[in-house]
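What follows is a short report on a single structure.
The values are calculated or read from the model by the stated rules, or taken from the named source; none is laboratory data. Keep in mind the model is a prediction, meaning the values are calculated, not measured. So basically every Cβ, Gly included, is an ideal-geometry build from the backbone, and we count neighbours across all protein chains shown.
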Amino acid sequence: MAKENRRDHLAGKDVASRRTEKIILLVAAAINVIMASVTMFIYSPWFKDEGYAILGRAGRLADDMATVNGAATVAQSYGFLLLILGAVSFIVALRAMRPSTIVRGVQYWMIFCMVFSLATADWLSLIAYGLAFVTYVARNKTIRRISSSRR
C-alpha cells in the first residue's frame with residue numbers, strides 16, 4: 001500500500017513539473033541578454049573610442065583605423081549573437097518546457113548553448129546552461145520512469 005501511494009505521489013504534477021529547469025534557463029537567457037546589451041552598447045563604443053585615442057596619441061590613426069573598426073565590429077557581432085542566444089533561450093524556456101513532456105530539441109539547444117559558452121569563455125552562462133541541462137535530463141529520467149510504471 002505504501003509503495004502504491006509513493007507511485008501516485010511520483011505521478012503527481014510536482015515531480016514532472018519543469019519549474020526548476022525553466023527558471024535556470026530563464027536566468028541563463030537573462031545573463032545572455034544583459035551581457036549582449038553591455039557588449040553592444042557599452043563595451044564596443046568604449047573600445048572604439050579608446051582605440052582611436054591611443055592611435056591618435058601614437059600618430060597612427062590614419063594607418064590603423066580599419067583595425068579598430070574591425071575589432072569593434074567583432075565585438076558588436078558577438079553581442080548580437082548573445083542577444084539571439086538569450087532570446088531563443090527565453091522562447092525555449094517559456095514554450096517548449098511543459099510539465100511531463102520530453103523534447104529532444106530542448107536538450108540539443110542547451111548543449112549548443114553550453115558549447116557556445118565554452119568556446120567564448122563565458123563561464124557564467126556555461127554554468128547556468130549546464131545546471132539547466134543536468135536538471136532537465138534528470139527530470140526526463142523521472143518522467144520516463146513514471147510513464148513506464150503506469151504501463
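Worth a mention:
- Hits in the range 57-71 (condition: over 17 Å from residue 45 (Cβ atoms), at pLDDT 85 or above and of a type outside the set (A, V, I, L, M, F, W, C)): 57
- Only one of 71, 30, 36 that is surrounded by 18 or more Cβ atoms within 10 Å (Cβ to Cβ) and either on the phi > 0 side of the Ramachandran plot or touching a helix residue (DSSP H, G or I) at 6+ places or on another chain (Cβ under 8 Å) (or both): 36
- The set of residues in the range 91-104 that are within 21 Å of residue 138 (Cα to Cα) and either modelled with pLDDT of 95 or more or among the hydrophobic types (A, V, I, L, M, F, W, C) (or both) comprises 92, 93, 94, 96, 97, 102, 103.
- Whichever residue in the range 79-100 is more than 14 Å from the chain's Cα centre (by Cα) and touching a residue at least 24 places away in the same chain (Cβ under 8 Å) and, among such residues, is surrounded by the most Cβ atoms within 10 Å (Cβ to Cβ): 97
- Qualifying residue in the range 72-83 (condition: among the small types (Gly, Ala, Ser) and farther than 30 Å from residue 133 by Cβ): yes
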